[in-house]
Amino acid sequence: MKSHILMSLLVFALAISSCNLPSSVPTATPTPATPTAIPPSATPSLPTQTALPSETPPPTVTSTPTVPIAFPREQPVNCRLGPGTAWIALSGLNVGASSQIVGKTADNGWWYIVDPLNSSRNCWVASSVTNTAGNLAGIPVAGAPAAQVTNVSIDVDPDEISVAGCVGPIQPIEISGSIETNGPTTVEWHFETQQGGALPTKTTDFDAFGSKDVSADYTPPLTAGTYWVRLIVTSPNSMQAETKYEIECP
């Protein structure tokens, strides 16, 4: 019994002593942690900046003029007295120039503009050869002018008549003249002589501006002297020209 108790005590003592002995197992030396490389942070993104306005000035905006104007399309344009090529050209509208529109024909075929070379008068340009700008809505319809005779001339052939002793027949003289107009019209005219008075009234039609010749034969009384003869226009306006002939009786 005692030996059993002693054995138990011995085992207990050995157990206690084993708890106090140093362990024969080598203690692991702690390995220092290798610092993990931190990737370089991305370059901080800067806030997007709105592009500043360019110093280049913006394109000039060409505003549409409120005053209606006409200007040539490709080449200089005649500016005429009336709305049509039958009227004489008074002026011209050059390429690169423009002029204010102050009137038009009812069919918009012609523009009545301020004369580019004389602002105190107006003239007509064809819409077919011009461009326009501005407000065309209020342009009034303008009437064509009345064409007029602008020049007359007269001559006689022969202008010297010689009849011995003023006895015997005398040959007729030819009176010739020219009438010029600035547009289409009908002209009334007549010749008038100092010796024989007025010759019959005649009419000449002009389809367009220009000049036409007129003539008449006249046999004067055989009386020595110098006498006048006239070409007189009575319509559409009054105008006349005069020349002279001489009768000699040697």
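Laboratory data are not the source of any read-out in this text; all were calculated from the coordinates shown. These figures come from a predicted structure and were not determined experimentally.
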Return the aspartates and glutamates within reach of K104: Cα separation strictly under 18 angstrom, same-chain partners fewer than 8 residues apart disregarded; answer none if there are no such residues. D115
For S99, enumerate residues with amide H under 5 Å from its amide H, sequence gap 5+ or separate chain, H modeled in the peptide plane. A70
Quick one: compute the contact order of region 165-235, relative version, from alpha carbon pairs under 8 angstrom and 6+ residues apart, as a percent. 45 percent
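For region 149-248, would you read off the P(r) tail past 21 Å as a percentage of all alpha carbon pairs? Could the numbers behind the result be given before it?
Details: 1741 of 4950 pairs.
Percentage above 21 Å: 35.
Expressed as a fraction of 2.2 N^0.38 Å, the rule-of-thumb size for a compact globular protein of N residues, what is the C-alpha radius of gyration of region 118-197? It would help to have the intermediate numbers written out before the result.
Numbers: Rg = 24.3 Å, N = 80, 2.2 N^0.38 = 11.6 Å.
Working it through for region 118-197, the quotient is 2.09.
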For region 69-133, list log₁₀ I(q)/I(0) at each q in 0.17 Å⁻¹, using the Debye formula over Cα point scatterers of equal strength and ignoring solvent, two decimals each. -0.45
Set of aspartates and glutamates with alpha-carbon distance to K244 below 16 Å, sequence-local pairs under 8 removed: D155, D157, D159, E160, E174, E192, D217
Work out from phi, with θ = phi - 60° and the Karplus expression 6.51 cos²θ - 1.76 cosθ + 1.60, the ³J(HN,Hα) of each residue of region 221-231, listed in order in whole Hz, and give x for Gly and Pro. x, 7, 9, 4, x, 10, 10, 8, 9, 10, 9
Defining a contact as two alpha carbons under 8 Å apart and six or more residues distant in sequence, what relative contact order in percent does region 69-133 show? 38 percent
May I ask for the distance between the Cα centers of region 98-126 and region 170-212, given as a whole number of Å? 33 Å
